[in-house]
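The structure appears right after this line, and notes come after that.
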Amino acid sequence: MTDHQEISPTQDTGTKAAPTDKIESSQSSETSSPGEEQYSVFSDGIRTYLAYLLGYIMTISTLTATIYFRLIPMLSKHFSVSVQAINLTVTVYAVYQAISPGIFAVLADMYGRRPVLLALITMYACASLGLALNRSSHAALMSLRALQSISGPATPPIAYGIVADVAIVSARGKMLGPMLSTCNAISAVGPVTAGAIALSTNGYTWALLSLPVVALICLFLVGVGHSRRRLAASSATDQSQFME
């Protein structure tokens, strides 16, 4: 009988090296794979610009309510109605304010943020201009307030959607902070300025005219482009298209 041959631990068997090579090659392919999809083509500078722009756009929702509250006594006197009748326009505003964001946020998901946002700002500018030029009709005042409420308060959810489009979860705070700070700062200064204008002119017209001016500036500055990731990736290799 032949003795069993002892295999030393250091001896090369020639059969167990292949799995190790496969594991190492798979690990190297996983760590060195550069094919990870880029979340957004927008640069940090453009995202910062977007944050301040969206904060400014959101003010058409907050200023509409805060400026109007300061003008209720003047409106009651001008239209020869009670304060309760003017407060009814505030109630109408609150009702439509609760409905419109859910509708237009869905439309923005379907048709794109920018077209819906531009349509809302245009609608808001027209309603605000009509509100400032209205001289005698309480019914028109109520209708225009409803139109303001349909358009203005629908902008914040679209702004949040744009932030989600262009920034990963861990970086969204860098956009939301400046966006909300801009909105809150303008909303704090706006009513004081409008109240001073109303007192100096002894009327509400010029104070309300500040709202369509804000909306027109929004129309001029809006350059959000196609913020949806799929559309942006297909056309934003040239970032100059951002303003188109």
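Of the conditions (1) under 20 Å from P115 (Cα atoms); (2) at pLDDT below 80, A215 clears all except one; give me its number.
(2)
Looking at the range 91-119, which of its residues are crowded, with 16+ Cβ neighbours inside 10 Å and of a type in the set (V, I, T)?
Answer for the range 91-119, where residues must be crowded, with 16+ Cβ neighbours inside 10 Å and of a type in the set (V, I, T): V92, V116.
With the requirement that a residue be among the β-branched types (V, I, T) and either surrounded by fewer than 17 Cβ atoms within 10 Å (Cβ to Cβ) or closer than 21 Å to I217 by Cβ (or both), what does the range 166-186 give you?
Hits for the range 166-186 are I168, V169, T182, I186.
May I ask you to say which residue of V163, V189 is of a type outside the set (D, E, K, R) and surrounded by 20 or more Cβ atoms within 10 Å (Cβ to Cβ)?
That would be V163, the only listed residue that is of a type outside the set (D, E, K, R) and surrounded by 20 or more Cβ atoms within 10 Å (Cβ to Cβ).
For the range 69-103, what are the residues that are touching a helix residue (DSSP H, G or I) at 6+ places or on another chain (Cβ under 8 Å), closer than 16 Å to M142 by Cα, touching a residue at least 60 places away in the same chain (Cβ under 8 Å) and part of a helix (DSSP H, G or I)?
F69, M74, L75
The values are calculated or read from the model by the stated rules, or taken from the named source; none is laboratory data. Just so it is clear, the model here is predicted, and its values are computed rather than measured. Don't worry about glycine lacking a Cβ; one is built from the backbone with ideal geometry, like all the others, and counts go over all protein chains shown.
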